[in-house]
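Comments concern the structure below.
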């Protein structure tokens, strides 16, 4: 049996390649994800170890709010640390995100990682001046080499810098780098000021530091020094050794990479699921082709177990070969991605973890064997008398398959319903994934029951000739094979259409929210590219009020906040609450929303219920900077799609992480020319290159642009599943043509031309492809509509179907059908008539 299996496998090399290709692509995605994640994790371990190489102990403040910046450290603490026994040197450091250099084109220089501002404390084991000198006055800066290369600036150039304050002019007097001839640490851009300037621009006041770097005196261990400093300062500050900081920083980054890896593995799982349908179809056709061969083995004494073993052995060999090829391709893909990322973030050699190898072989072999199991069981039931027939019976009852499909589909839909209704608790993600998987499998099992009538109906459109009529009947005569082929295409298209329904509905919901809740003709805003939001000078708001035709102006400040010592809240401040209420249509449900001053605040009714607050109550709000402030609630407003949460006076923004406005709404009087007002505001924003003033339609496009980016990324990742499904159509047709060699020969013998044979095969392919696309569109619309309905209370108030995209995919299905049929059709047309008729 072993020799027979190997000879059978090697005698059909095309079948071997087509069977393995789907597994190769899926395994490539999985192993590549592991290679990328492990390499980046190792790189950041090495990176952070080198960053803190010259540091023994660090002192930082504690975060006042969740995920907020650490509290600044007063200069008096630096003096105290300097006197702790065992301290050789203590250096106060300012290092904060948000120092943006304005390029020669008037825009902020981008292309690196985050943009940091720091104080120049001199060269050390890590930081090295490459050219120029250190800053010695308040108008001088040095920049790292990565920023110099990205901006094209040189020593002596006058440049503008944005920080917590509006644009300031500085002179570049030096360019620095890092040990190991590095231009940056992790692709970041860094600007170094003198210490007083760094404190004022990055922390909002002088005499403050973000951390204190401590080096130990000879003979003092890092751990002992840490304990001594911690004992001297108490629990107010966080004291850690360099090793502890490196580990914490690396772990934080690893969390991001692990998430990225899991996302890529999720898309690989979709690709493998589609590949399962391809492999099932392949082995089903293989079993049909080998009916005589397997039946003769049974007649010669082979048991059912040996027949199963023969098919499974073939599957194991195919899975093994596919795993080896997929692992190699995955390592190549991982290396390519690492190389691309390495141009921004330094990497330290390619890492191929054991998990990548184990996953490659486990998944590749397991998926192939499981997919071949049912065809193998069917092969074992082939009776010896079948050796006298030409093909296996394809007219078996679909009743059992339909019942099982109905049950599985019901379970999948029920799981999705529970998850999307919010009743699954901590198991929501698992319920969603399980529901989608069961739904897809269940619908795939139901597909044979509906394929024959639907495919027959679709085929009538193309059956205006004899070849067309034969192609229609061929696609409908084996519903199982047609269904499995179409189901593979269905999964890929269903996921894309489902995501498109959600994205299109999200875009429409945002647009409706802006249309219904925003009365401003002009909006000042910008696209946030980093952790620091784009801002502008608050004095611009006063200038805009004086423009002829302007009716109202409201500037918006925003920050994370701790509400009554509970994390997770947000606080807004506004320059004019009356104007804001007018522009956003804020309606009071109790109290007044026309005035907030001093320590007064207003908030929406849903947030009020959440915190158990009413007009007249007091609430403690702590923002990113400063101490907690007690506010008195003077009004509750009805939540809108544009605004909800606490609204505070403009003076509260001094405690925000960014104490400058991030957005402004401008309402014009009747008849005021929008273009003229917009041009005048543009002149006031000349020193704020991160923000622009736009009209309503442009603002809507700005707010929905992220939806298009997200949709494009998901479509690219799901393209692999669709490619595998297309391979499935090609595979099915190619193997089907081999299986139907005698039939094709007879058709040629009775007078069909090669062109007619090609037409017949093309019709069959197009019908299957269109059936799969229609099935995918239907399932995708249902899935997307269910998600939109479940998220109705979270802002997705509008259900919109992506009609254009649905039409495009349906049209592409026709093209796919024609292209997929090309090689099998030509092969069929070239079949030698006499050889085909004498086929054994």
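Read-outs throughout are calculated quantities, based only on the coordinates presented, and are distinct from any laboratory measurement. No experiment lies behind these values; they were computed from the predicted model shown. Backbone-built Cβ (ideal geometry, glycine too); neighbour counts: all protein chains shown.
The figures follow:
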| read-out | value |
| --- | --- |
| Value of relative contact order over the stretch 527-690, rounded to a whole percent, pairs C-alpha under 8 Å and six or more apart | 34 |
| Gain upon complete extension [residue 262, residue 814; 0.36 nm per residue less C-alpha separation] | 195.3 nm |
| Values of log10 I(q)/I(0), in the order q = 0.10 Å⁻¹, for the stretch 54-252 under a Debye, Cα-only, solvent-free model | -0.43 |
| Relative contact order [Cα under 8 Å, 6+ residues apart], the stretch 54-252, whole percent | 35 |
| Computed lengthening from residue 466 to residue 46, 0.36 nm per intervening residue step minus Cα-Cα distance | 144.3 nm |
| Anisotropy class of the stretch 27-154 from Cα gyration tensor, a/c 1.5 cut | oblate |
| Nearest 10 degrees, 0 to 90: helix 696-739 Cα axis against the chain principal axis | 20 |
| Inter-label distance, nm, simple model (7 Å from Cα along the C-beta direction), residue 171/residue 421 | 7.2 |
| Estimated FRET transfer efficiency when R0 is 35 angstrom, pair residue 590-residue 66 (beta carbons, to 0.05) | 0.75 |
| Sequence-separation-based contact order of the chain, relative, with Cα cut under 8 Å and 6+ spacing, percent | 16 |
| Kirkwood-Stokes translational diffusion coefficient of the stretch 527-690, alpha-carbon pairs, 37 °C, 0.692 mPa s, µm²/s | 199 |
| Per-pair calculated FRET efficiency, R0 = 60 Å: residue 303 and residue 709 via Cβ, rounded to 0.05 | 0.55 |
| The chain: Rg to Rh, with Rh as the Kirkwood radius over Cα pairs | 1.06 |
| Value of [θ]222 nm, deg cm²/dmol, for the chain, DSSP H segments ≥ 4, -39500 (n - 2.57) each, nearest 500 | -19000 deg cm²/dmol |
| Two-site label geometry, residue 381 and residue 753: point separation in nm, points 7 Å out along Cα→Cβ | 4.5 |
| Potential extension, residue 370-residue 296 segment - 0.36 nm per residue separation minus Cα distance | 24.1 nm |
| Distance (nanometres) between label positions extended 7 Å along Cα→Cβ at residue 357 and residue 654 | 6.4 |
| Principal-axis tilt of helix 304-342 within the chain, Cα atoms, nearest 10 degrees | 30 |
| Crossing angle, helix 354-380 versus the chain [Cα axis fit, 0-90 degrees, rounded to tens] | 30 |
| The stretch 565-640 versus the stretch 653-709: alpha-carbon centroid distance in Å | 24 |
| At R0 = 45 Å, FRET efficiency that the Cβ-Cβ distance of residue 566 and residue 158 yields, to 0.05 | 0.40 |
